[in-house]
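Here the structure comes first, spelled out in structure tokens, and everything after it is commentary.
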């Protein structure tokens, strides 16, 4: 059976955020996460994880090493290697519906 959010193990985190384990084994973990507008992670770093972030909808703001960058849906991604020693966090920004 193909894995998706519909049949993956789910967990809740933060204030209204969700995660689904698409792959979870001794070699790799792939998590599909949902962060509603206005939610945020705390600054943190991982000793072993290589992370890849992309945005399906909305705007994400990443703080990494004191630098703040923004990504919009399907435009760019962020990649973090475990050798990166600086903390990072992500927060979701609400998009205005007005033009």
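The values are calculated or read from the model by the stated rules, or taken from the named source; none is laboratory data. What you see is a predicted model; the values in this text were computed from it and never measured. A quick note on method: Cβ atoms are made from the backbone with ideal geometry, for glycine too, and the neighbour counts reach across all protein chains shown.
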Inside the range 1-58, can you point out the residues that are assigned to a loop (DSSP other than H, G, I, E, B), under 12 Å from the mean Cα position of the chain (by Cα) and surrounded by 13 or more Cβ atoms within 10 Å (Cβ to Cβ)? 35, 36, 39, 41, 55
Of these, 26, 19, 66, 14, which one is at positive phi and either modelled with pLDDT of 80 or more or touching a helix residue (DSSP H, G or I) at 6+ places or on another chain (Cβ under 7 Å) (or both)? 14
